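Asker: Below is a structure I'd like to ask you about.
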Amino acid sequence: MGVQPKGTHRSRSQVMRDRLRISSLYLSGKTQWEIHEQIGLSQAQVSRDLKALHGEWLKQATGNVAALKARELAKIDALERTYWAAWERSCQEARRKSLRARGTITKSVTDADGTTRFVQETPAEQVLTTEDKVGDKRYLEGVQWCIERRCKILGVDAPLKVAPTDPTGDKSFEGIERGATKFSEYIDRILAYRGTQEDSGTGAEGGASQS
């Protein structure tokens, strides 16, 4: 495809169409030179359009992150309200109904045929009792989780400091310089030991030759 003449003015709609094609080719792995050859724009213009596209993508990503944060915060707010309502219900008086017997009584009953018989009954009365409740602390733990999660999303909490350790995780990290010093000392000890062994061997051979 021929290259668009330098200095040619593009309309706004043409710019949008070009950038749509450039973004499609770029995201499919094409280089700036390959894009330039396929759509007919100069490589410099392709580079400028890609820079503009990167700026737009960054703005969209930032906006998406803000929208995601807002959505998650709304969910946390709703969950916290649910926890608070459950906590309040758990603190209210508990009312219970029960039946209490009042003793056994005997009464006469006349059937339809005129026969009289005696029946024993145990009447009962309904008793309503109330008791105070302290409240279920699990709902407060849910509220605490919501608060902590909200602070983490908003970045309210101070950054967590983590002290570095050695590979074992049991000792604090002494730094590269200290490690290099230890390694150097270790090499010095090896060399000194080898020197001692060589000196001992030479002395023994000398003693044997003198005898």
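Asker: Just list whichever of Lys30/Lys59; Lys30/Lys75; Lys51/Lys75 have alpha carbons separated by over 30 Å in the model shown.
Answerer: Beyond 30 Å between Cα atoms: Lys30/Lys75; Lys51/Lys75.
Asker: I've got another one for you. What is the gain in length, in nm to one decimal, between Thr115 and Glu141 on full extension, counting 0.36 nm per residue of separation less the C-alpha to C-alpha distance?
Answerer: 2.5 nm
Asker: Output ³J(HN,Hα) for segment 50-64: one whole-Hz value per residue in order, computed from phi by the Karplus curve 6.51 cos²θ - 1.76 cosθ + 1.60 with θ = phi - 60°, and x for Gly and Pro.
Answerer: Listing the rounded values in order: 5, 4, 5, 5, 4, x, 5, 4, 5, 4, 5, 5, 4, x, 5 Hz.
Asker: Ranked from highest to lowest mean number of other Cβ atoms within 10 Å per residue, what is the order of the peptides 10-16, 28-34?
Answerer: Output ranking for 10-16, 28-34: 28-34, 10-16.
Where a number appears in this text, it was derived from the coordinates with a stated rule and is not lab data. Keep in mind the model is a prediction, meaning the values are calculated, not measured. Cβ sites come from the backbone with ideal geometry, for glycine too, and all protein chains shown count toward neighbours.
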